[in-house]
Amino acid sequence: MTARRLLLVNGPNLNLLGTRQPEIYGTTTLAQIEQQVTETAAGFGLEVRAVQSNHEGELIDAIQAARADCGGIIINPAAYSHTSVALRDALSAVDLPVVEVHLSNIHTREPFRHHSYVSAVARVVIAGAGPAGYEYAVRYLAEQLS
């Protein structure tokens, strides 16, 4: 069953989705995104373990634990995209396919958001597709795991 589970990782402040800057991030809540990912994955016979934290170490622990029972990782590292070499290194170390997702197009925003440390270890980067980006990520990983 190991390869039939995906880890869904959401970084800092994403717990505020639906109310935080809806003009940028939309009105969909994190709970709705997690439900959408779970339903999409189930259609491919996949399970999902979701984790959100505002603490870098908790995200790293979840990523490292995924080596034991996950076949791929979907991650929206949020602000850690632009600052966390440690998160990038954890993703690289687990040697699982990674899809990086951003609700907004980070390349059209403030210049400091244009670079992501995670992108270098992700097989796919989806930015600017809103909540649908998570569904695209599931579809990609489901194809990779089949």
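Please report, in debye to the nearest 20, how large the charge dipole of the chain is about its Cα centre when each Lys and Arg carries +1 at its beta carbon and each Asp and Glu carries -1 there.
That gives the chain a dipole magnitude of about 160 debye.
For the residue pair residue 21 and residue 35, what label-to-label distance in nm results when each label sits 7 Å from Cα along the Cα-to-beta-carbon direction?
The modelled label-to-label distance comes out at 2.6 nm.
Arrange 134, 117 by Cβ neighbour counts within 10 Å, fewest through most, would you?
117, 134
Through the Karplus equation 6.51 cos²θ - 1.76 cosθ + 1.60, θ set to phi - 60°, convert the phi angles of region 54-59 into ³J(HN,Hα) values in whole Hz; use x for Gly and Pro.
8, 10, 4, x, 5, 5
Which whole-Hz ³J(HN,Hα) couplings does region 134-146 yield from phi under the Karplus relation 6.51 cos²θ - 1.76 cosθ + 1.60, θ = phi - 60°, glycine and proline marked x?
Running phi through 6.51 cos²θ - 1.76 cosθ + 1.60 with θ = phi - 60° gives 5, 5, 4, 5, 4, 4, 4, 5, 4, 5, 5, 8, 7 Hz.
Summing -39500 (n - 2.57) over the DSSP H runs of n ≥ 4 in the chain and dividing by its residue number, what mean residue ellipticity at 222 nm do you reach, to the nearest 500 deg cm²/dmol?
Mean residue ellipticity, 222 nm, calculated: -11500 deg cm²/dmol.
Which residues' amide hydrogens lie under 5 Å from the amide hydrogen of residue 50, considering only partners 5 or more residues apart or on another chain, with H built in the peptide plane?
Amide H to amide H, under 5 Å and 5 or more residues apart or across chains, residue 50 pairs with 8.
Mean separation of Cα pairs under 8 Å and 6+ residues apart, divided by the residue count of the chain: what relative contact order is that in percent?
Relative CO of the chain lands at 28 percent.
Applying the Karplus parametrisation 6.51 cos²θ - 1.76 cosθ + 1.60 with θ = phi - 60° to the phi angles of region 4-15, what ³J(HN,Hα) value in whole Hz is obtained for each residue in order, glycine and proline being reported as x?
With coefficients 6.51, -1.76 and 1.60, one gets 9, 10, 10, 9, 9, 10, 10, x, x, 6, 6, 5 Hz.
The numbers here are math on the coordinates, done by the rules we state, and not lab data. Quick caveat, the model's predicted, so the values are computed rather than measured. Counting neighbours? That spans all protein chains shown, and the Cβs are built from the backbone with ideal geometry, glycine included.
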